[in-house]
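The values are calculated or read from the model by the stated rules, or taken from the named source; none is laboratory data. Keep in mind that this is a model prediction, so the values were computed, not measured. So basically every Cβ, Gly included, is an ideal-geometry build from the backbone, and we count neighbours across all protein chains shown.
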Amino acid sequence: MDFSRPRPQVSGDVPSLKVTDITCRVLLAPDYDASMTSSAQDSVVVMIETDGGITGIGETDANPWMVKACIEAPGTHTMGLSLRHMVIGANPFDIPEIWEKMYLGSAMNGRRGMVIHAMGAIEMALWDICGKALGQPVHQLLGGAQRDYIVPYASLQPAGSSFAEYRDALVRSALDAKALGFRAMKTEVTMNGPYAHCGMNESYDRHTKVVAAVREAIGPDIELLVDVQYLWEDADTCLSVIGDWTDFNLYFVETPLWPDNIEEHARLAERSPIPIASGEWLSTRFEFRELIERGRIGVAQPDVGRVGGIGEAKVVCDMAGEHGLPIVPHCWKTGISISATAHLAFVVPHCAFIEYLPPRLCVERLRRELAHEELVFEDGRILLPTKPGLGVELNQEAMDAYTVA
Ligand SMILES: [Mg+2]
């Protein structure tokens, strides 16, 4: 299997274009609540301009000020070059070369984490430019759609401050999603704090009760995914709880363990009755290789921006496919990232679901208002996008209203 990064597929001559500028807009909802576990209250929109008058847009799910700094910081030596300067002057169709150049040129500061997340937004914007230049959707440039539709899952939205309120809000949200035609949904179960580890509460009965209540509400025919958000420190404790969840017929349990805890992932893989999903925070194929080959996860969840862009996400999808793993990408940002994720999913046959909520269901206003992606959601499916590039239109009013000076 060739894990080389995909290059935009062009029939005929590659258009002669040059990147002339990169700008980053930091966006923040004025009423953001820092106690919420939601990164959809802020965003960074990366805009790449070309001499052909085409502008590409990209986004990544990471602290927007940090992303902006990673892109705009001047280079000071050969092992720490400026991302922005490395891209200006390049032909946007040279996506694999540009990525490699950024990866090597920023090596001392980057290779993983925030610099890769920032590179992901740049790379996404380059695909958008190429699609717009050729008048073709990004999935076309990725080799063409492998399917007529993809299946989104709804992330159910919790609320309330007591156990009963939390459980009932998720049940209500599940029924709303079912009424909209969703064929898959994901409930979170994080009553003891989203990233708290075990020992924080006396019993996990209530976690089981939430999953049971949601399954009962939606009936047996809808795929149910569960996200426990790094709840446990070891495989044994995890198994003592999810061992009782087999009757709920779950598609996966997401992030039961800390992603760097590879040994416990491997132990869990030996005995878990339910596939384990992970990878939402990872950057590059190299981190995924560790989690897939040594940690033996059951479902890989690259976030397109964070992992390093559409091409790097595609490499991760190929690698997962080699190991027989389905893909369920993470995506909790605005329509820009949602669209990039959808285009990727159309060229990855083993992408089981994508994370998606129609804008009207989103609690976060930035997410609702910032970008209109053209995705058509019908009968529980997303239909093939046809507009050039990512097919995303920014709402300039929202851009201006939410831009942080
Ligand atoms: Mg998650």
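Regarding the range 266-273, can at least one residue be identified that is within 16 Å of the ligand (Cβ to nearest atom) and either not aromatic (Phe, Trp, Tyr) or not assigned by TED's automatic domain parsing to the domain that holds THR208 (or both)? Scanning the range 266-273, I find no residue that is within 16 Å of the ligand (Cβ to nearest atom) and either not aromatic (Phe, Trp, Tyr) or not assigned by TED's automatic domain parsing to the domain that holds THR208 (or both), so the answer is no.
With the structure loaded, tell me whether ILE297 is more than 17 Å from the chain's Cα centre (by Cα), modelled with pLDDT of 95 or more and crowded, with 22+ Cβ neighbours inside 10 Å or whether it fails that test. So ILE297 passes the test. Residues in the range 144-189 that are within 16 Å of the ligand (Cβ to nearest atom), touching a residue at least 60 places away in the same chain (Cβ under 8 Å) and of a type outside the set (Phe, Trp, Tyr): PRO152, ALA154, SER155, GLN157, ALA184, LYS186.
Applying a threshold of 8 Å to beta carbon distances and a minimum spacing of six or more residues, or different chains, the list of pairs starting in the range 119-143 at a residue that is outside any helix (DSSP H, G or I) and ending at one that is β-branched (Val, Ile, Thr) and surrounded by fewer than 24 Cβ atoms within 10 Å (Cβ to Cβ) reads PRO137/THR386; LEU142/VAL347; GLY143/VAL347. For ARG206, the conditions (1) in contact with a Lys or Arg (Cβ under 9 Å, 6 or more places away or on another chain); (2) more than 30 Å from GLU263 (Cβ to Cβ) are fulfilled apart from (2). For first residues located in the range 247-265 and within 11 Å of the ligand (Cβ to nearest atom), partners that are basic (Lys, Arg) and lie 6+ apart or on another chain with Cβ distances below 8 Å form the pairs GLU254/LYS186.
Okay, residues lined up against (1) in contact (Cβ under 8 Å) with a residue 24 or more places away in the chain; (2) buried (at least 21 other Cβ atoms within 10 Å of the Cβ); (3) out of contact with any His (no Cβ under 8 Å at 6 or more places or on another chain):
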{"site": "ARG7", "(1), (2), (3)": "yes, no, yes"}
{"site": "GLY56", "(1), (2), (3)": "yes, yes, yes"}
{"site": "ILE71", "(1), (2), (3)": "yes, yes, yes"}
{"site": "HIS85", "(1), (2), (3)": "no, no, yes"}
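Per the listing PRO388, PRO326, PRO358, the residue uniquely farther than 18 Å from ARG147 by Cβ and touching a helix residue (DSSP H, G or I) at 6+ places or on another chain (Cβ under 8 Å) is PRO388. Figure legend. Inter-residue proximity from the range 209-237: first residues of a type in the set (Ser, Thr, Tyr), second residues away from the ligand (no atom under 16 Å from the Cβ), beta-carbon distance below 6 Å, spacing 6+ or different chains. Indicated pairs: THR237/CYS198. Filtering the range 378-405 down to residues that are assigned to a loop (DSSP other than H, G, I, E, B) and hydrophobic (A, V, I, L, M, F, W, C), which residue is farthest from ILE310 (Cα to Cα)? For the range 378-405, the residue satisfying everything is ALA405.
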